[in-house]
Amino acid sequence: MRAIIRYIASFVVLLAIFASCERRPLSELANYTNIKVEVDIEAVANVTCDIYNEKIPIPVIEPQAMHVLFYEPNSKYVAAETFITDIEYNSKGKRMLKGNISIMPGNYKMLIYDFGTEATIVDEYYKWEECKAYTNEISSSLKGAFKTRSDFDYIVHEPDHLVVARSENEHIPYVEEVHTIEAAATSVVESYYVQIKVEGLEYVATAQAILSGMVSGNKISSNIKIIEPQASVYFTMHKSDDKGVPVICNVFNTFGRIDNSTNNLEVTFDIKTNDGRVIQKTFDISHLFLTEECIKHHWLLLDETIVIEPPKNAGGGFQPEVEDWEGEHTEIVL
């Protein structure tokens, strides 16, 4: 009887072995897919090309981590997500981020973006059509400096560069070996260089500016600009020179201007002098966006000059004076 039972058990085991002899590597059982993202920033004006003024700092685009999302094509909600952090450089010297994700084979929408930007906020990322990038409004104290504009302007911080890769039809096949997805991420943010000549630059302590007529964000899954509400972008300025001519200038970031817009493009400079004066000037620069310098290089070069008068007291503010010491002899009775 026992021999019969052993025979039946052996037969069942053999059937199970033959039924399961299809080759399936461990990686397929976990449904791993490799992700490789190339950070493509070769043509970012005023950052990696078209540098007008090398004497001032320029933005840096070096993502340390990227958020990877796959969406169901019908519901457009997240089916799988991960973060990739492995960094290397390819033969062209381009930064690469790598990692893997566990996801079933099928068709998906894919979105990958730079994770960890300081000023740029990515929100609604669990919905394909709603995923957006934007920045917060500036503080009330900063806004108060622009008295003529603060009552009606939506003034926001400039964004960090945000590199994004996307695909509306990403197919993950059934394969024995691990499938690899390669993508290129480009920035949804633009950089402009702005400068204006200043007579009396030596009297300038600090300077800041806001530029109106800018879009307020970007729907990063479709790379569509968010034009409502229209925004003004805040940024600080540097003291420098252009071929020996004193200027205040900077490279600032924006999600872009409203397409085909040729009005409401005004820049306001707020300058504080060493002796505490405040000089504020506003210029309409709509025409500058139509110049070859702006179209090709994103340079906004104002022809105007801001004049800073010398302090009334050329020596500055309070200056205490100490006269020569005079000897005085006094007897102390103990």
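Taking other residues whose beta carbon is less than 11 angstrom from the beta carbon of ALA205, and scoring Lys, Arg as +1 and Asp, Glu as -1, yields +1. Between GLU292 and LYS147, the contour length at 0.36 nm per residue exceeds the alpha carbon distance by 48.9 nm.
In the structure displayed, which of LYS143/LYS296; LYS219/LYS296; LYS36/LYS219; LYS92/LYS127; LYS219/LYS281; LYS243/LYS281 lie more than 28 Å apart, Cα to Cα? Present the calculation step by step, with values, prior to reporting the outcome.
Working: LYS143/LYS296 32 Å; LYS219/LYS296 25 Å; LYS36/LYS219 23 Å; LYS92/LYS127 35 Å; LYS219/LYS281 33 Å; LYS243/LYS281 24 Å.
Checking Cα-Cα distances, LYS143/LYS296; LYS92/LYS127; LYS219/LYS281 exceed 28 Å.
With protein chains left intact and a 1.4 Å probe, residues in the stretch 172-249 average 41 Å² of accessible area per residue.
Note down the net charge around GLU228, summing +1 for each Lys or Arg and -1 for each Asp or Glu among other residues with Cβ under 13 Å from its Cβ. Around GLU228, the charge tally is +3. Label positions at MET104 and PHE83, each projected 7 Å from the Cα along the C-beta direction, are separated by 2.7 nm. Taking a sphere under 13 Å around the Cβ of TYR108 and counting the other residues whose Cβ falls inside, with K and R at +1 and D and E at -1, yields a net charge of -1.
Check each of the trypsin sites (Lys or Arg not before Pro) in the stretch 207-268 and keep only those in coil by DSSP with at most 10 other C-beta atoms within 10 angstrom; list them in order. It would help to have the intermediate numbers written out before the result.
Working: sites: LYS219, LYS225, LYS239, LYS243, ARG257; in loops: LYS243.
For trypsin sites (Lys or Arg not before Pro) across the stretch 207-268 that sit outside H, G, I, E and B with at most 10 neighbouring Cβ atoms in 10 Å, the list reads LYS243.
Taking the accessible area of the stretch 32-143, probe 1.4 Å, and keeping the other protein chains in place, the carbon and sulfur fraction comes to 44%. Surface composition of the stretch 253-299: carbon plus sulfur atoms contribute 47% of the solvent-accessible area (1.4 Å probe, protein chains only, all chains present). Are there any trypsin sites (Lys or Arg not before Pro) in the stretch 91-144 that are in a DSSP loop and have at most 14 other Cβ atoms within 10 Å? List them by number. Here the trypsin sites (Lys or Arg not before Pro) that fit, given the DSSP loop and packing criteria, are LYS92, LYS94.
The values are calculated or read from the model by the stated rules, or taken from the named source; none is laboratory data. Everything quoted here is computed from the prediction, not taken from an experiment. All Cβ positions, glycine included, derive from the backbone under ideal geometry; neighbour counts span all protein chains shown. Heads up: the accessible areas ignore ligands, DNA and RNA and are worked out on the full protein's heavy atoms, side chains in. Shrake-Rupley method; radii C 1.70, N 1.55, O 1.52, S 1.80 Å.
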